[in-house]
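Colleague: Submitted below is the structure of interest, expressed as structure tokens.
The values are calculated or read from the model by the stated rules, or taken from the named source; none is laboratory data. Predicted model, so just to flag it, every value in this text is computed and none were measured. Here the Cβ is made from the backbone with ideal geometry for all residues, glycine too, and neighbour counts use every protein chain on show.
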Amino acid sequence: MERGVLGLDELICKARRYVVLMAGYDPGIHLGSSLSVLEIVAALYGTGRLKFNVANGAHNRNYFVLSKGHAIHAVYALAAAMGYLTVDELRETGSVGSRLQNHPEVDTPFVDVPNSGSLGQGISLAVGLALGLRLRGEPGRVYLVTGDGELDEGQSWESFAVAAHYGLNNLVTIVDLNNVQLDGHSEEVLRKGDLAGRFKSLGFEVFEVDGHDVAAIISALEKAENSAKPAVVIAKTVRGRGVPSIEDTAKQRLSRDEALSHVNNIC
Amino acid sequence: MLDLESLTPREALGRALSDLGDLRKDVVVLVADTGETTRARLFAERHPERFFNVGIAEQSLVGIAAGLALAGFMPYALTFAAFMTRAWEQSRNSVDRLGLPVRLVGTHAGFADAYDGPSHQALEDIALFRVLPNFTVLVPADSCEVYRAVTASASVKGPVYIRVGRDFHIPTTCGLYDRFEVGRAYVVLEGSDVAIFTTGITLPLAVEAAQVLRDRGISAAVVHFPTVKPLDYATVEKYAAATGAVLTVEEHMVHGGFGSAVAEYLAQTRPTKMAIMGLKSYGRTAKSPQELYQLFGLTPENIAARAEELVKLR
């Protein structure tokens, strides 16, 4: 485990640079959100829980639902860091001809649910997928990553209640609690209440971790995977992590020069 | 042999799903606290392991159905048509954009739920699902056709919306044809002066109107379109050409529905005198759907009158 985490730190550093690099080429990407979720994505792909080289439609595997689809650049960046995408391809993100669209689309690589641009909907899809896997008797798990702002959507809680009601312990949810949404800090936009308490009251097992400590995330995932109940890992993160000028703000954009000069200063 | 005529439309729905569940192990049924009201219970009793109730939560209903489709199942999600449209954006983003084989069944459509008033009376659902590029839209007329449309829907590749009533229907289609084909219109009466096109429960009203017209010396064809999308363009074209006057009748708003689909086609291929009959406002609480048909003018007499006007305009 220790060795794996050490290896991951390098991957994460490389991926963080790639996220900023993409922001330099396409100011339309959701930079802050992709930077907050990076360690979470690395804890899933970097440990083999999820694989970049699995054909869509293959069975008996784990599935990934990035419900906060706007943070897809964290996945592209990690894929490049692990050798599954080229830097040239990263530079093309957001172009009409690129398969690296700015939200997961039908032709986007590495995503099992290619439509998670509309918030809350990935949660229902993940719950349906987990229900379906259980009905088929498949051993795979569904890893669902959501944002905290996304939890404003009533649909999120409609489907979490279903997961709890049907005891879907093959669903592992990770909340990227970066405390920022489009209009500002999450609690100021709309209070979230006691997030852990909301999940617990439905019947979830809740684990709270520092979302930039990859070893802590992995340890929480291990506990979540062994839970008899559906489990959620609430990962406290910093939006824009690694780029001081946008950290903990709703700011998503850097000028091209700023982004490209940053690439080499990160970690 | 199952006596479909004796069933109500929603009983025919429950029976069709239950029988489909015997034939296909990939069929799963989801409801939003509507197992009893949609008669999905009939499926649940026979296939309890493939039946899921998600509570009063239509957005979650459609999203979870889409997730089950991603896992390889063919989900039928059932709730009142009026509330299915609450999940329109989920139908767009979670179902249609992915072309998933999700079947959304909206029951109590049109004035079928006269008793609960306009909040429960879906008059916009055909328009809302028709606009989504991958959806097939089925609007059966009576219990026989509900059973056949639901059974046939299983062979459609992409998503399907099926519009079903509640208890009221006038059995008309049982002996009309042997096999329900998605995308095909059925000729009920031949005629040369005007063509009346129907979808859903308006079919028997149009048949009666044609008899009234015959007594007035007007020869009216009646063609029934249980599939609104894909529309049977060849039949639309044939009867528009043969009569030069097309009247559409639907239990739905006149904007965006079945009549609009016919008009869109004819305007671009064979401009034809047309009238679109349907609703222009919300419904009302009443003691029966028939009372609302009277109140809002969906009657054989009115259909005959509109057809007669069209014939004069030709």
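Colleague: Any idea which residue in region A:98-143 is modelled with the highest pLDDT, counting only those that are within 21 Å of A:L221 (Cβ to Cβ), hydrophobic (A, V, I, L, M, F, W, C) and part of a loop (DSSP other than H, G, I, E, B)?
Modeller: A:F110
Colleague: With the requirement that a residue be in contact with a helix residue (DSSP H, G or I) (Cβ under 8 Å, 6 or more places away or on another chain) and acidic (D, E), what does region A:175-195 give you? Full working, then the answer.
Modeller: First, the residues of region A:175-195 that are in contact with a helix residue (DSSP H, G or I) (Cβ under 8 Å, 6 or more places away or on another chain): A:175-183, A:186, A:189-190, A:192, A:195.
Within region A:175-195, A:D176, A:D183 qualify.
Colleague: From the set of residues in region B:58-79 that are within 17 Å of A:G137 (Cα to Cα) and outside any helix (DSSP H, G or I), which is farthest from the other protein chains (Cβ to nearest Cβ)?
Modeller: Taking the candidates together, the pick is B:M74.
Colleague: Check region B:28-45 and report whether any residue there is in contact (Cβ under 8 Å) with a residue 12 or more places away in the chain, over 22 Å from B:R166 (Cβ atoms) and of a type outside the set (A, V, I, L, M, F, W, C). Give the derivation first.
Modeller: Of region B:28-45, the ones in contact (Cβ under 8 Å) with a residue 12 or more places away in the chain are B:28-35, B:37-45.
The next check asks that each one be over 22 Å from B:R166 (Cβ atoms); those that pass are B:28.
Adding the requirement that they be of a type outside the set (A, V, I, L, M, F, W, C) leaves none.
Within region B:28-45 (the criterion being in contact (Cβ under 8 Å) with a residue 12 or more places away in the chain, over 22 Å from B:R166 (Cβ atoms) and of a type outside the set (A, V, I, L, M, F, W, C)), the answer is no, since none of the residues qualifies.
Colleague: Can you spot a residue in region B:81-89 that is within 10 Å of chain A (Cβ to nearest Cβ) and assigned to a helix (DSSP H, G or I)?
Modeller: Checking region B:81-89: at least one residue is within 10 Å of chain A (Cβ to nearest Cβ) and assigned to a helix (DSSP H, G or I).
Colleague: Also, quick follow-up: List the residue pairs whose Cβ atoms are under 6 Å apart, where the first residue sits in region A:158-184 and is within 14 Å of chain B (Cβ to nearest Cβ), the second is at pLDDT 95 or above and assigned to a strand (DSSP E or B), and the two are 6 or more positions apart or on different chains.
Modeller: Here the result reads A:A163/A:L171; A:L171/A:V142; A:T173/A:L144; A:T173/A:V232, each pair linking region A:158-184 to a residue that is at pLDDT 95 or above and assigned to a strand (DSSP E or B).
Colleague: Can you confirm whether A:G211 is surrounded by 15 or more Cβ atoms within 10 Å (Cβ to Cβ) and of a type outside the set (D, E)?
Modeller: yes
Colleague: Give region B:265-286 a look and list any residue that's out of contact with any strand residue (DSSP E or B) (no Cβ under 7 Å at 6 or more places or on another chain), part of a helix (DSSP H, G or I) and within 11 Å of B:V236 (Cα to Cα), or say none.
Modeller: B:Y265, B:T269
Colleague: A follow-up question, please. Scan region B:35-47 for residues that are away from chain A (no Cβ under 12 Å), surrounded by fewer than 21 Cβ atoms within 10 Å (Cβ to Cβ) and farther than 26 Å from A:S156 by Cα and report the count.
Modeller: Number of matching residues: 3.
Colleague: I've got another one for you. Which residues, counting only those in region B:13-34, are in a loop (DSSP other than H, G, I, E, B), away from chain A (no Cβ under 13 Å) and buried (at least 18 other Cβ atoms within 10 Å of the Cβ)?
Modeller: Selection gives B:T34 alone.
Colleague: Here is a follow-up. Would you confirm, using the coordinates I've provided, whether B:E5 is more than 10 Å from every other protein chain (Cβ to nearest Cβ) and at pLDDT below 95?
Modeller: yes
Colleague: A follow-up question, please. Just need a number here: residues in region A:104-137 that are more than 8 Å from every other protein chain (Cβ to nearest Cβ) and not small (G, A, S).
Modeller: Matching residues across region A:104-137 total 9.
Colleague: Just a yes or no: is a residue in region B:232-240 in contact (Cβ under 8 Å) with a residue 60 or more places away in the chain and either more than 19 Å from B:R184 (Cβ to Cβ) or touching a strand residue (DSSP E or B) at 6+ places or on another chain (Cβ under 6 Å) (or both)?
Modeller: No, the conditions are met nowhere in region B:232-240.
Colleague: Within region B:77-128, how many residues are within 14 Å of the chain's Cα centre (by Cα) and not aliphatic (A, V, I, L, M)?
Modeller: Result for region B:77-128: 10.
Colleague: Still on this structure, I have one more. Just to be sure I understand, how many residues within region A:137-166 are of a type in the set (D, E, K, R), farther than 18 Å from A:S33 by Cβ and out of contact with any His (no Cβ under 8 Å at 6 or more places or on another chain)?
Modeller: The total comes to 2.
Colleague: For region A:94-103, state whether one or more residues are away from every other protein chain (no Cβ under 14 Å) and of a type in the set (A, V, I, L, M, F, W, C). Please lay out each step first, then the result.
Modeller: Within region A:94-103, the subset away from every other protein chain (no Cβ under 14 Å) is A:94-100, A:102.
Add one more test, that the residue is of a type in the set (A, V, I, L, M, F, W, C), and what stays is A:96, A:100.
Looking for residues that are away from every other protein chain (no Cβ under 14 Å) and of a type in the set (A, V, I, L, M, F, W, C), one finds at least one in region A:94-103, hence yes.
Colleague: What residue, of B:R50, B:R10, is facing another protein chain (nearest Cβ under 9 Å) and modelled with pLDDT of 95 or more? It would help to see each step written out before you state the result.
Modeller: Details: B:R10 fails: facing another protein chain (nearest Cβ under 9 Å).
Sole residue among the options that is facing another protein chain (nearest Cβ under 9 Å) and modelled with pLDDT of 95 or more: B:R50.
Colleague: I'm checking my understanding of the structure. Among residues of region B:262-283 that are farther than 19 Å from B:L205 by Cβ and in contact with a helix residue (DSSP H, G or I) (Cβ under 8 Å, 6 or more places away or on another chain), which one is surrounded by the most Cβ atoms within 10 Å (Cβ to Cβ)?
Modeller: B:T272
Colleague: What are the residues in region B:245-264 that are within 22 Å of B:A305 (Cα to Cα), hydrophobic (A, V, I, L, M, F, W, C) and not in a strand (DSSP E or B), if any?
Modeller: B:V254, B:F258, B:V262, B:A263 - these are the residues of region B:245-264 that are within 22 Å of B:A305 (Cα to Cα), hydrophobic (A, V, I, L, M, F, W, C) and not in a strand (DSSP E or B).
Colleague: Taking the condition of being without any contact (Cβ under 8 Å) to a residue 24 or more places away in the chain and small (G, A, S), how many residues in region B:212-230 meet it?
Modeller: 1
Colleague: Restricting to strands (runs of 3 or more DSSP E) lying wholly in region B:96-169: which have 1 or more residues that are among the β-branched types (V, I, T) and within 20 Å of B:F43 (Cβ to Cβ)?
Modeller: B:103-107, B:160-163
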